Amino acid sequence: MTISMIVPVYNCENYLRFCLDSLTAQRCKDMEIILADDGSTDESPLICEEYRKRDPRIKVIRKENGGVSSARNAGLAAAGGEYITFVDADDWIDQDACSRIADQIEEGRLLYSGT
C-alpha cells in the first residue's frame with residue numbers, strides 16, 4: 001500500500017525544512033511526498049528542489065497561486081497512493097507516523113472510502 005503525503009507550500013521558507021526533515025525521516029518506505037508549490041515568491045521553491053534531489057519519494061508541483069485548497073487539489077491530482085494524507089508546511093510529524101497509519105489501515109481501524 002502506498003501513502004501519499006501532500007504538502008501545500010506557499011512562502012514558508014522559514015519553517016519548510018523542519019517539515020520536510022520530518023517527512024523524509026519517515027521509516028515507511030512505501031510512500032510519496034508531494035510538494036505543491038502554490039506560486040511562492042520566497043525561497044520555498046528552491047528548498048523544495050533541494051529536497052527533491054535528495055529523496056526520490058518527493059515530487060514537486062509548481063502552480064500559479066490559487067490558495068491552499070487549490071494546492072491540495074493539485075497534489076491530489078498528482079498523487080499515486082492508495083491513501084492520502086495532508087501535512088501543512090509549518091507542521092512536522094513523528095518519524096513513525098506513516099508506519100502507524102499503514103498499520104491502522106491494515107488492521108481495519110481506518111476507514112477507506114475510495115472507489
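The values are calculated or read from the model by the stated rules, or taken from the named source; none is laboratory data. From a predicted model like this one, the values you see are computed outputs, not experimental measurements. Positions of Cβ are backbone-derived with ideal geometry, glycine not excepted, and every protein chain shown enters the neighbour counts. Surface accessibility is based on the protein's heavy atoms, side chains included, excluding ligands, DNA and RNA. Shrake-Rupley method; radii C 1.70, N 1.55, O 1.52, S 1.80 Å.
Here's the yes/no breakdown for (1) more than 15 Å from G80 (Cβ to Cβ); (2) assigned to a loop (DSSP other than H, G, I, E, B); (3) out of contact with any helix residue (DSSP H, G or I) (no Cβ under 8 Å at 6 or more places or on another chain):
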{"residue": "E13", "(1), (2), (3)": "yes, yes, no"}
{"residue": "F18", "(1), (2), (3)": "yes, no, yes"}
{"residue": "K29", "(1), (2), (3)": "no, yes, yes"}
{"residue": "E32", "(1), (2), (3)": "no, no, yes"}
{"residue": "L35", "(1), (2), (3)": "no, no, no"}
{"residue": "I47", "(1), (2), (3)": "yes, no, no"}
{"residue": "Y51", "(1), (2), (3)": "yes, no, no"}
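Within segment 53-70, track down each residue that is assigned to a loop (DSSP other than H, G, I, E, B) and either among the basic types (K, R) or crowded, with 16+ Cβ neighbours inside 10 Å (or both). Step through it out loud before you land on a result.
Going through segment 53-70, the residues assigned to a loop (DSSP other than H, G, I, E, B) turn out to be 55-57, 63-67.
Selection gives R57, K63.
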Is it the case that some residue within segment 18-36 is among the acidic types (D, E), crowded, with 17+ Cβ neighbours inside 10 Å and under 26 Å from D96 (Cβ atoms)? yes
Contact list, first residue from segment 74-100 and under 8 Å from S4 (Cα atoms), second anywhere and open to solvent by less than 60 Å² (accessible area, probe 1.4 Å) and not in a strand (DSSP E or B), beta-carbon distance below 6 Å, six or more apart or interchain, is G81/T2; E82/T2
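When you scan segment 61-115, how many residues do you find that are β-branched (V, I, T) and either modelled with pLDDT under 90 or farther than 28 Å from N14 by Cβ (or both)?
Pass one, segment 61-115, residues β-branched (V, I, T): 61, 68, 84-85, 87, 93, 101, 105, 115.
Checking the rest, the ones that are also either modelled with pLDDT under 90 or farther than 28 Å from N14 by Cβ (or both) come to 101, 105, 115.
Qualifying residue count, segment 61-115: 3.
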How many residues of segment 71-100 are open to solvent by less than 50 Å² (accessible area, probe 1.4 Å) and assigned to a helix (DSSP H, G or I)? The answer is 7
Log entry, pairs with first residue in segment 46-65 being in contact (Cβ under 8 Å) with a residue 40 or more places away in the chain, second being surrounded by 15 or more Cβ atoms within 10 Å (Cβ to Cβ), beta carbons closer than 9 Å, six or more apart or on different chains, reads N65/Y10; N65/D38; N65/G39; N65/S40; N65/A71
